[in-house]
Each structure stands twice: as C-alpha cells, then as structure tokens.
Amino acid sequence: MVHEETVCPPAWISYGGSDSTLILLRKLLKKDSVEILSLKYTGKMYEMTCAGCQCLTGRKIEITIWSKDQSKVERLRFYRPWVYMVKQEKNCDWTITLDDDQLMEKFLEKNIHAQRVFYIGPTEKTNDNCYTLSGRTIYIRVEKDDIQKAREEGFEIDPEFKQY
C-alpha cells in the first residue's frame, strides 16, 4: 500500500527525517497488531510545490502488509497502488448513457475496484453503428490488481499517466 506525503503531514510523520517517520509508523502499527513485511520511502521531494495541505511533496511511503490488516492501514491514508485508465466509448458499449455513480456501481458488480470515475463528452448514442465512437472518453482510477479486468472492458492505461 502507498501513502503520498503531503505538505501538512499527519501526526505520525516526523519532521526529524525519514528514519524517524518510519520508526513512528512502525510503533503506531505495532499498537494495532499490524505485521509489517516491508516499509520504505520512495520518490524525491519536488523542487517546488504549492502551500496547501493537500499538496503532494513528491515522496511516498510504501508498505507491504497482510491483507487482513488493510483497513487498519487505510485509516492512516494508505491506499492500494492504482493507475489511470481510459476508454474511447463506442455506441454499443455497456457504459453508454451511464453517469459517474452508475459507472462506479457497474464496476463494483464486475469486481473492478475503481477509486474514481469521470468522463468528458456526450453520454448519448450517436447512431446504431457499434464501431462508431460515441464521443465520450471515460477515465477511471483503478487498483493495479484490476488492470486486466478493466482491459477486458475496453480500458487501457492512460498514456499520460506517469505515476508508477
């Protein structure tokens, strides 16, 4: 799982440095009986960032744990790694005319763990030709474990996505 460090860090991140933060995190998770299989910092600080608390620093903390402990680590704002995927919708796709909430619901039914869905363009059928694009582009942020499932639904990793 991954935690993206922000300009205003949570209390368990130490201003004393990366080693201090990892020690604090280990202690905190030990209290919750979370067994840590691996823990490390990745990335490097951006040269310049915004000053808002939600702004990212460029560094991440990556942790490997047992799946039974996932919810405990999610409370500390860790999440499973994800990628952005994109699909040029066709007139006969199951996604046609569905809004964001309906798309999320359908992804869950298909056991695809989308963390975010948004689209650009019209949501209506343009004609009856199933090979014609509807004009809508759908973007999803999906957990890395579900990339293949999303590909089976016509999504591809967004070529602009450079996160991992």
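If the reach is capped at under 20 angstrom between alpha carbons, list the aspartates and glutamates near LYS125, excluding any in the same chain fewer than eight residues apart. Partners within reach: GLU89, ASP93, ASP99, ASP100, ASP101, GLU153.
Looking at the range 27-73, the GluC sites (Glu not before Pro) that sit in a DSSP loop and have at most 16 other Cβ atoms within 10 Å of their own Cβ are GLU35, GLU47. Calculate how steeply helix 18-31 sits against the longest principal axis of the alpha-carbon atoms of the chain, using the helix alpha-carbon long axis, and give the answer as 0 to 90 degrees to the nearest 10. Taking Cα atoms only, the helix is inclined about 80 degrees. Taking every DSSP helix (H) stretch of at least 4 residues in the chain, weighting each as -39,500 (n - 2.57) and dividing the sum by the residue count yields a mean residue ellipticity at 222 nm of -6000 deg cm²/dmol. The HN-Hα couplings worked out from phi for the range 141-156 by the Karplus form 6.51 cos²θ - 1.76 cosθ + 1.60 (θ = phi - 60°) are 9, 10, 4, 4, 5, 9, 4, 4, 4, 5, 4, 5, 9, x, 8, 10 Hz, whole numbers, x standing for Gly and Pro. For chymotrypsin sites (Phe, Trp or Tyr not before Pro), the sites in the range 54-97 that DSSP calls loop and that have at most 14 other Cβ atoms within 10 Å are TRP66, TRP94. Under 18 Å of direct C-alpha separation, and excluding same-chain neighbours fewer than eight residues apart, LYS110 reaches these lysines: LYS87, LYS144, LYS149. Listed from fewest to most Cβ neighbours within 10 Å, the set TYR131, TYR46, TYR41 follows the order TYR131, TYR46, TYR41.
Bear in mind that the values in this text are calculations on the coordinates, not laboratory data. Every value quoted in this text rests on a predicted model; they were computed, and no experiment measured them. All Cβ positions, even for glycine, are placed from backbone atoms using ideal geometry, and neighbour counts span all protein chains on display.
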